[in-house]
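To start, the structure itself, in structure tokens.
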Amino acid sequence: MRTARDMGVETVAVYSEADAKSLHVALADSAYCIGPAESQKSYLNKEKIIEVCKISGSQAVHPGYGFLSENTEFAELCQENDITFIGPPSTAIRDMGIKSTSKYIMSAANVPIIEGYHGDDQSETRLLQEAEKIGYPVMIKAVRGGGGKGMRIAMTADEFSSQLASAKNEALKSFNDDIMLIEKFVVNPRHVEVQVFGDQHGNYVYLFERDCSVQRRHQKVIEEAPAPGLSDDVRRSIGEAAVRAAQAVNYVGAGTVEFVMDSEQNFYFMEMNTRLQVEHPVSEMITDTDLVEWQLRVAAGEPLPLTQDDLQIFGHAFEARVYAEDPNNDFMPGAGPLHHVLPPELVPYMRVETGIRQGDEVSVHYDPMIAKLVVWGEDRPTALSRLISALQRYQIIGLNTNINFMLSLAKHPEFQLGNVHTSFISQHNDSLFPKRDVTHEELLLAVTCLLSNRRIGSPNNTGAFSSLASARFNHNKEEIITLQHNSTDRKLRVVSHGDGSLSISEGDVLSRIEGKMIECEKTGRSTAVVESNGRVLKCDAVVMDNNVYLFTEHGLVHLTLPLPKYQTSDMAGATLSDALAPMPGVVDKVFVQPGERVEEGQPMLVMIAMKMEYVIKAPRAGLVETVPFQAGTTVQKGARLVHIAEES
């Protein structure tokens with residue numbers, strides 16, 4: 001929308017009822033509601049979007065990243081209604097969208113491919129036979145898939161059937177098509193993709209490659225351009241192969257050709273995304289281009305702005321995807337309100353691309369991405385240092401995010417060396433998720449925040465000692481402050497002296513400090529500053545209710561001042577006989593009924609959250625006593641989904 005506005009093009013947003021107050025609606029020149037939150041009835045409603053085009057007088061549709069961006073029928077519908085689809089011809093979407101077809105086309109175009117089964121016989125028996133012919137592990141992939149949806153890995157024959165069923169169900173909900181292909185899974189490969197562009201005059205270029213190897217659930221979390229460690233010959237070869245792929249389907253517009261690369265830098269065609277990618281900003285940063293502007297100009301019939309000889313690589317760029325998810329709980333996606341959002345201050349080498357604002361809510365209905373943090377540097381080490389600094393200054397409060405994990409990843413020695421592959425997270429799991437206790441210095445900063453907040457008299461402060469005064473006539477004020485971190489209590493003895501200083505002791509450790517909070521109106525940041533034993537400690541901090549959030553060099557440290565018992569609920573908690581919702585979402589399928597016996601680990605129901613499928617399994621064997629929710633019900637995190645009766 002910003003690019004279109006710069007070009008003098010008016011924009012019209014479409015939105016679901018759940019997105020009525022979203023940022024893209026606010027930015028557009030006009031906006032139209034196209035249905036309820038369920039994507040099948042709104043963002044996937046092709047006819048409704050065409051209707052809005054006609055009502056609003058729109059001449060073109062930009063399909064974005066998901067939903068209908070790679071939908072052949074929608075591209076054809078646009079053409080039938082004399083509306084420009086800002087993307088490739090529908091024939092190119094069809095040829096590249098069906099993975100089995102694209103493999104044949106790529107082979108004919110002399111683009112290296114991985115052999116596999118792409119046949120019409122979709123019976124489970126045939127697919128299992130083909131998997132055994134190929135040899136495990138195998139990749140089960142939706143032929144119309146993308147973005148990690150409808151994709152599973154079967155390491156052995158025993159898990160093939162369950163992985164196939166899960167991939168089919170997810171593909172049907174994401175793409176309305178559950179046809180699968182089976183390929184050999186390359187162990188520890190790199191995911192390297194090439195940005196290509198074509199116009200309506202037969203011109204093609206590649207804007208070099210991106211490395212997107214570090215992934216969880218087959219979805220990217222960090223991308224960089226150019227790919228580290230590639231020789232000039234490989235860079236040219238993979239770029240030229242990507243152009244041949246685009247030429248083979250008469251491609252027009254922005255596209256990405258994805259390759260699997262082995263340890264010897266041999267590369268094999270994986271798929272082509274016939275749209276602009278989420279991670280396209282890193283390509284823009286290293287080529288000094290605006291690919292959305294290129295899209296609009298090419299769609300209007302103009303030739304490409306640059307030739308291959310004009311394009312050069314300038315420096316290095318990273319994109320970190322900021323998600324509402326809990327990396328410590330298998331990257332489980334989350335949903336909820338964003339109470340506090342403060343991105344790092346923008347500088348010429350950094351971009352923060354986001355669709356949310358402070359006060360918005362991350363919905364259970366759509367992808368949990370909050371923002372894309374993009375940085376550039378003269379070389380890879382410089383860009384990586386800038387990324388780390390920006391992550392340290394990114395403040396989000398209200399739900400779990402992956403920012404701390406991204407910091408751990410960016411600082412990892414192997415990542416800093418560029419030794420990346422798709423199994424990076426699992427291989428380095430222990431070092432990426434270090435067990436870290438809060439330090440004594442961080443406790444000093446937290447106490448400074450709490451006491452400063454008390455003195456200011458924040459209306460949000462409901463701490464147990466918020467109304468106490470510091471004045472004492474014959475002795476210094478003394479109190480015990482308990483701060484909780486990761487369910488562990490840390491008790492501090494705090495003595496307030498007449499000169500405003502504090503003595504803070506924890507066990508045998510004693511510190512005499514002077515502390516204060518500094519507010520910066522220009523940046524909106526609050527900084528806790530502590531002087532102790534000739535040393536100055538400081539970090540950005542936020543106090544909300546009984547919570548202290550410290551934004552340290554290691555990431556967010558969350559400390560809680562426990563509420564008194566009289567302020568806490570005495571409700572009975574869940575038991576080991578309960579299957580609980582691991583995240584907010586919608587119950588999709590229920591496999592068990594009250595009175596039915598289940599075994600430990602048996603699938604009991606399926607939840608859909610953030611367009612992903614999650615199978616909820618029995619925590620123990622026993623008889624099902626209650627199943628409170630039916631299919632189609634929206635549930636909150638922690639909701640009791642199934643209760644299994646205790647057995648004598």
statement: Taking the range 120-134 and the residues there that are of a type outside the set (D, E, K, R) and open to solvent by 20 Å² or more (accessible area, probe 1.4 Å), the one that is modelled with the lowest pLDDT would be Ile134
task: Starting from the range 205-217, take each residue that is surrounded by 24 or more Cβ atoms within 10 Å (Cβ to Cβ) and list its partners that are polar (S, T, N, Q) and in a strand (DSSP E or B), counting only C-beta distances under 6 angstrom and pairs at least six apart or across chains.
output: Leu207/Gln195
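Please list, ordered by residue number, the strands (runs of 3 or more DSSP E) wholly in the range 517-576 having 2 or more residues that are at pLDDT 90 or above and open to solvent by 80 Å² or more (accessible area, probe 1.4 Å).
535-544
Can you find even one residue in the range 183-197 that is over 28 Å from Gln247 (Cβ atoms) and surrounded by 22 or more Cβ atoms within 10 Å (Cβ to Cβ)? First the steps, then the outcome.
Of all residues in the range 183-197, those over 28 Å from Gln247 (Cβ atoms) come to 185, 187-188.
Cutting the leftovers down to surrounded by 22 or more Cβ atoms within 10 Å (Cβ to Cβ) gives us none.
No, the range 183-197 has no match at all.
Inside the range 135-174, can you point out the residues that are part of a loop (DSSP other than H, G, I, E, B) and open to solvent by 10 Å² or more (accessible area, probe 1.4 Å)? Quick ask: steps written out before the conclusion?
Initially, the range 135-174 is screened for residues part of a loop (DSSP other than H, G, I, E, B), giving 135-137, 147-148, 155-156.
Result: Gly135, Tyr136, Pro137, Gly147, Met155, Thr156.
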- prompt: Taking Ser503 and the conditions (1) assigned to a loop (DSSP other than H, G, I, E, B); (2) touching a Lys or Arg at 6+ places or on another chain (Cβ under 6 Å), which numbered condition does it fall short on, given that it satisfies the others?
  reply: (1)
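Any idea how many residues of the range 239-260 are touching a Pro at 6+ places or on another chain (Cβ under 6 Å) and among the hydrophobic types (A, V, I, L, M, F, W, C)? Spell out the reasoning first.
Going through the range 239-260, the residues touching a Pro at 6+ places or on another chain (Cβ under 6 Å) turn out to be 251-253, 260.
Add one more test, that the residue is among the hydrophobic types (A, V, I, L, M, F, W, C), and what stays is 252, 260.
Looking only at that region, the number is 2.
For Ala227, indicate whether it is without any contact (Cβ under 8 Å) to a residue 60 or more places away in the chain and within 30 Å of Asn45 (Cα to Cα). First the steps, then the outcome.
Details: without any contact (Cβ under 8 Å) to a residue 60 or more places away in the chain: yes; within 30 Å of Asn45 (Cα to Cα): no.
Here the answer is no, as Ala227 does not meet what is asked.
Here is a check on your reading of the model: is Ile49 touching a residue at least 24 places away in the same chain (Cβ under 8 Å), of a type outside the set (Lys, Arg) and under 28 Å from Phe175 (Cβ atoms)? Working first, answer last.
Details: touching a residue at least 24 places away in the same chain (Cβ under 8 Å): yes; of a type outside the set (Lys, Arg): yes; under 28 Å from Phe175 (Cβ atoms): yes.
Taking the combined requirement at face value, the residue satisfies it.
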- line: Scanning the range 224-261 for residues that are among the acidic types (Asp, Glu) and surrounded by fewer than 24 Cβ atoms within 10 Å (Cβ to Cβ) gives Asp232, Asp233, Glu240, Glu258
- request: Working only within the range 1-23, note down all residues that are under 28 Å from Pro36 (Cβ atoms), aliphatic (A, V, I, L, M) and touching a Ser or Thr at 6+ places or on another chain (Cβ under 9 Å).
  value: Met1, Ala4, Val12, Ala13, Val14, Ala18, Leu23
query: Has the range 293-310 got any residue that is touching a helix residue (DSSP H, G or I) at 6+ places or on another chain (Cβ under 8 Å) and either in a strand (DSSP E or B) or among the β-branched types (Val, Ile, Thr) (or both)?
result: no
- prompt: Which of the residues spanning the range 57-111 are assigned to a strand (DSSP E or B) and surrounded by fewer than 23 Cβ atoms within 10 Å (Cβ to Cβ)?
  reply: Ala60, Thr84
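Return the residues of the range 593-647 that are open to solvent by 70 Å² or more (accessible area, probe 1.4 Å) and part of a loop (DSSP other than H, G, I, E, B); say none if nothing qualifies. Talk me through it step by step, then tell me what you get.
Pass one, the range 593-647, residues open to solvent by 70 Å² or more (accessible area, probe 1.4 Å): 593-594, 597, 599-600, 617, 623, 625, 628, 630, 634, 636-637, 640, 646-647.
The answer is Gln593, Pro594, Glu599, Glu600, Pro628, Gln630, Gln636, Lys637, Glu646, Glu647.
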task: Sort through Leu296, Leu276, Leu304, Leu338 and tell me the only one that's in contact with a strand residue (DSSP E or B) (Cβ under 7 Å, 6 or more places away or on another chain), within 16 Å of Thr3 (Cα to Cα), aliphatic (A, V, I, L, M) and open to solvent by less than 50 Å² (accessible area, probe 1.4 Å).
output: Leu276
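The values are calculated or read from the model by the stated rules, or taken from the named source; none is laboratory data. In this text, all values refer to a predicted model and were calculated from it rather than measured experimentally. Methodologically, a virtual Cβ is constructed for each residue, glycine included, from the backbone with ideal geometry; neighbour enumeration extends over all protein chains shown. These accessible areas exclude ligands, DNA and RNA; they are computed on the full protein's heavy atoms, side chains included. Shrake-Rupley method; radii C 1.70, N 1.55, O 1.52, S 1.80 Å.
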